[in-house]
Amino acid sequence: MRKRFILIASLAALVAIAIPVSAAIAGETVTGPDGNTQSMEAKISPKSLFKKTLSPGSLFVDVKTGTTNPATPAPSPAVHDVIDFDQNLSLASKGLPTCSAAKIQNQSTENAEKACGDAIIGKGEATTLLPLGTLYTEPTKVVAFNGVPQGGKPVVLLHAYGTSPVQTALVLVGVVSDYGKQGYGPRLDVTIPPIAGGSGAITDFKVTIKKSWTYKGKKMSFINAKCPASKKLKYRGAFTYKDGTTITATHTQACTPKAEPKKK
């Protein structure tokens, strides 16, 4: 019998991720009191950026969780994640078509793209751990959409879909807020409902956000960034799990400042 697991969460971040401890983890790896391990990586491209002027780019995010506890086959599932991005990064969505979560819920990747193709802002891949008697690993395709704003704040929808060993559909709905403290700017926040009765978990999640369009004759980009004098961009994620523990992981990216654009 085929099963469908549907997850709708409040994102602003991007996601909670779990992977087997043996897998390679990018960025700083932190271990919690329960044995959970956590890391995250965020990267703006291109590496060469103006020092004062925002320029268009792409954002890659990879969040992973593992475990060092030999008594558990998988880490405690994440239930809440908060990811802060460097203050030298900003998002823009004015004039970009939007998609509602209702249009892509319960849909395959193909149907979701047909429903909201003009609102696609990125793609990636994920893996889910499903306890179906045996613990199965299921790969899924990820498509990111520009969602309908909530309270005037941008929304990102992440649609993940897999078919084997069972059909798995996930839609993460997230609101982007401006944290604006401690050198951080955009904040992404996600609450994660139980998967497969609370025992399943997303096992890996990575996505690249890149979208450009023209609005009123002006070229626009969803992701924009600049390189500060420190030549570093910093990122931070706080991940809370089903067992009540929380891990904070950080990642720093080097950037190269370049001469400011010539005034026209």
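Placing dummy labels 7 Å off each Cα toward the beta-carbon, the span from A238 to L132 is 3.7 nm.
Based on C-alpha pairs under 8 angstrom that are at least 6 apart in sequence, segment 19-173 has a relative contact order of 16 percent. Classify segment 123-264: rounded, prolate or oblate, from the alpha-carbon gyration tensor (a ≥ b ≥ c, eigenvalue square roots; a/c under 1.5 rounded; otherwise prolate if a/b is larger than b/c)? Here segment 123-264 falls in the prolate category.
Cross-link reach is defined here as a Cα-Cα straight distance under 15 Å, omitting same-chain residues fewer than 8 places apart; for K234 the aspartates and glutamates meeting it are E28, E41, D62, D84, D86.
Taking the charge dipole of the chain about its Cα centre, with +1 at Lys and Arg Cβ atoms and -1 at Asp and Glu Cβ atoms, the residue from A115, S221, T31 reaching farthest to the positive side is S221.
The residues packed around F50, meaning those with a beta-carbon under 10 Å from its beta-carbon, carry a net charge of +3 if Lys and Arg are +1 and Asp and Glu are -1. Taking each residue as 0.36 nm, the span from D118 to S177 lengthens on full extension beyond its C-alpha to C-alpha distance by 18.9 nm. Per residue, the chain exposes an accessible area of 46 Å² to a 1.4 Å probe, with every protein chain left in place.
Over 31 Å between C-alpha atoms is what I'm after, so list which of K94/K226; K216/K262; K114/K258; K51/K141; K123/K218 land there. Beyond 31 Å between Cα atoms: K114/K258; K51/K141.
Each other residue within a Cβ distance under 12 Å of G198 adds +1 if Lys or Arg and -1 if Asp or Glu, for a net charge of 0.
Ignoring aspartates and glutamates fewer than eight residues from K153 along the same chain, the ones with Cα atoms less than 12 angstrom from its Cα are D178. Of the residues T246, V148, T203, the one whose Cα sits farthest toward the positive end of the charge dipole of segment 126-259, with +1 on the Cβ of Lys and Arg and -1 on the Cβ of Asp and Glu, is V148.
With Cα atoms defining each centre, segment 212-246 and segment 57-133 are spaced 14 Å apart in the structure. Solvent-accessible area of the chain (1.4 angstrom probe, protein heavy atoms only): carbon and sulfur portion equals 53 percent.
Remark on the chain: all cysteines pair up, each with another cysteine beta carbon under 4.7 Å.
Extension gain for S108 to K262 (0.36 nm times residue separation, less C-alpha to C-alpha distance): 50.8 nm. Placing +1 on each Lys and Arg Cβ and -1 on each Asp and Glu Cβ, with no other charges, gives segment 46-142 a dipole about its Cα centre of roughly 360 debye.
Using a ≥ b ≥ c from the Cα gyration tensor of segment 35-118 (square roots of the eigenvalues), is it rounded, prolate or oblate, where a/c under 1.5 gives rounded and otherwise the larger of a/b and b/c decides, a/b for prolate? Oblate shape, in that a/c is at least 1.5 and b/c is the bigger or equal ratio. The chain: percent of C-alpha pairs farther apart than 34 Å? Distances greater than 34 Å cover 17 percent of the Cα pairs.
Only Cα pairs under 8 Å and 6+ residues apart enter the sum, and on that basis the relative contact order of segment 134-213 stands at 21 percent.
The values are calculated or read from the model by the stated rules, or taken from the named source; none is laboratory data. Since the model is a prediction, treat every value here as computed from it, not as a measurement. Ideal geometry is used to build each Cβ from the backbone, glycine not excepted, and the neighbour counts take in all protein chains shown. These accessible areas exclude ligands, DNA and RNA; they are computed on the full protein's heavy atoms, side chains included. Shrake-Rupley method; radii C 1.70, N 1.55, O 1.52, S 1.80 Å.
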